[in-house]
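Undergrad: Dumping the structure here so I can ask a few things about it.
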Amino acid sequence: MTKQYRVEGPVMMFLTTTAIDIDEELMNRCLILTVNEGREQTRAIHRLQREKRTLQGLIRKENKQRILNLHRNAQRLLRPLAVVNPYADQLTFLDDRTRTRRDHEKYLTLIDTIALLHQYQRPIKTLSAGGQTLSYIEVTLEDIATANRLANEVLGRSLDELPPQTRRVLEALHGMVEYEAKANAIPRQEVRFARSDVRRVCSLSDTQCRIHVDRLIAMEYILVHRGARGQSFEYELLYDGKGGNGAPFVPGLIDVHRLKDEFASTTEGSRGEGADVAGSSRPHHGVNAGSSRTVPSAATQGGATLAGSGSESDTPTRLYRSALSAASYLHPTPSLAAAALGEA
């Protein structure tokens, strides 16, 4: 029996697909999340599947609905307040492609959302305009720092020219070539490998291996050489690891420390503290926010990066065998609404 639901917008839509290539028009309208295909994640799934058969799994199943209701009720407590960003004029974003016009709006909306979720930890201000009283909250530097971190994880993959699965293969090949060059005391450009090496290192099927290798060849990350047996082929890795520090990122986002310094100098120069000039009416913010680009943790190693951007990685050479246990792309996090209310 077909059920019809009538809701008031805006409407949020979730789509899933097994396809590696996603339509460009869809990518710049949605936030793209990918499934972690690493060995560590597979082990975690197996562990949870076994736990479902235990007494602890039965208790967890009974508590599931109670936890869902708690999160839903936390979201219902949020008021539809306006959000004002006093730092909006100082924010920066990548502007070398037309598609970033939509991605920039996603970034600004992400900042607004984080501020809205913390409305119970912020003073609610009012303003009279057009005969009406408007209630609003202001964005803080901590909100922007959090948005930068999340944007690096989500938008960093959407803006990457390689799909996350192919990016993971590329990073695994980079680790393999570095290991072979060091082990055999030869320059990395002299290291050659075959498709069988790719299948072994990345635990891929022949079909998956062909798709990823052909894409890397087309994007000029891999160079094809004629093999010694006439009809076979050998490959050289042209990718040198630039931008491959293990964490996805969005170039062009302003650093929060720099934003704080610029904003402080602007307010001091315009308001001052003299007898003739009014002092600052904006309350002081809390402690300094962390850098917008965080140090990659063990949970983010193996993530996608934007090719050709950033500085050369100074992380230690990773053995190619470690690619078989690539860490998760996605990190389970508690409900932001529940976390926001919990800080109150």
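What follows draws every value from the coordinates through simple rules; no lab data is involved. Note that the coordinates shown come from a computational prediction; the quantities given were computed from them, not determined experimentally. When we count neighbours, we look across all protein chains shown, and the Cβ atoms used for this are built from the backbone with ideal geometry, even at glycine.
Undergrad: For a quick check: sort Cys202, Cys30 by the number of other beta carbons within 10 angstrom, fewest at the front.
TA: By the 10 Å Cβ count, ascending: Cys30, Cys202.
Undergrad: Right, another one. Would you list Ile20, Ile45, Ile211 from fewest to most Cβ contacts within 10 Å? Can you show the working numbers first?
TA: Working: Ile20 14, Ile45 10, Ile211 18.
The order, fewest Cβ neighbours first, is Ile45, Ile20, Ile211.
Undergrad: Does a label point 7 Å from the Cα of Arg97, set along Cα-to-beta-carbon, have any residues of the stretch 7-48 with amide nitrogen under 17 Å, and which are they?
TA: Answer for this model: 20-34.
Undergrad: To continue, here is another question. What does the convex hull of the Cα atoms come to per residue for the stretch 1-124, in Å³?
TA: Numbers: hull volume 30.2 nm³, N = 124.
Taking only Cα atoms, the stretch 1-124 has a hull volume of 244 Å³ per residue.
Undergrad: If you don't mind, another one. Show which lysines lie in cross-link reach of Lys61 when reach means a straight Cα distance below 30 angstrom and same-chain residues fewer than eight apart are skipped.
TA: Lys3, Lys52
Undergrad: List the chymotrypsin sites (Phe, Trp or Tyr not before Pro) within the stretch 171-237 that fall in a DSSP loop (any state other than H, G, I, E or B) and whose Cβ has at most 12 other Cβ atoms within 10 Å. All intermediate terms of the calculation are to be shown ahead of the outcome.
TA: Values: sites: Tyr179, Phe193, Tyr221, Phe233, Tyr235; in loops: Tyr221.
Passing sites in the stretch 171-237 do not exist.
Undergrad: Can you tell me how much longer the chain between Asn73 and Ala183 gets when fully stretched, taken as 0.36 nm per residue apart minus their C-alpha distance, in nm with one decimal?
TA: Details: separation 110, 0.36 × 110 = 39.60 nm, distance 5.77 nm.
In short, 33.8 nm is gained.
Undergrad: Where in the stretch 169-235 are there GluC sites (Glu not before Pro) that are in a DSSP coil and have at most 15 other Cβ atoms within 10 angstrom of their Cβ?
TA: When the GluC sites (Glu not before Pro) of the stretch 169-235 are filtered for loop state and at most 15 Cβ neighbours within 10 Å, Glu220 remain.
Undergrad: Here is a follow-up. Compute the relative contact order of the stretch 164-237 as a whole-number percentage, counting only Cα pairs closer than 8 Å that sit 6 or more residues apart in sequence.
TA: Reported as a whole number, the value is 32 percent.
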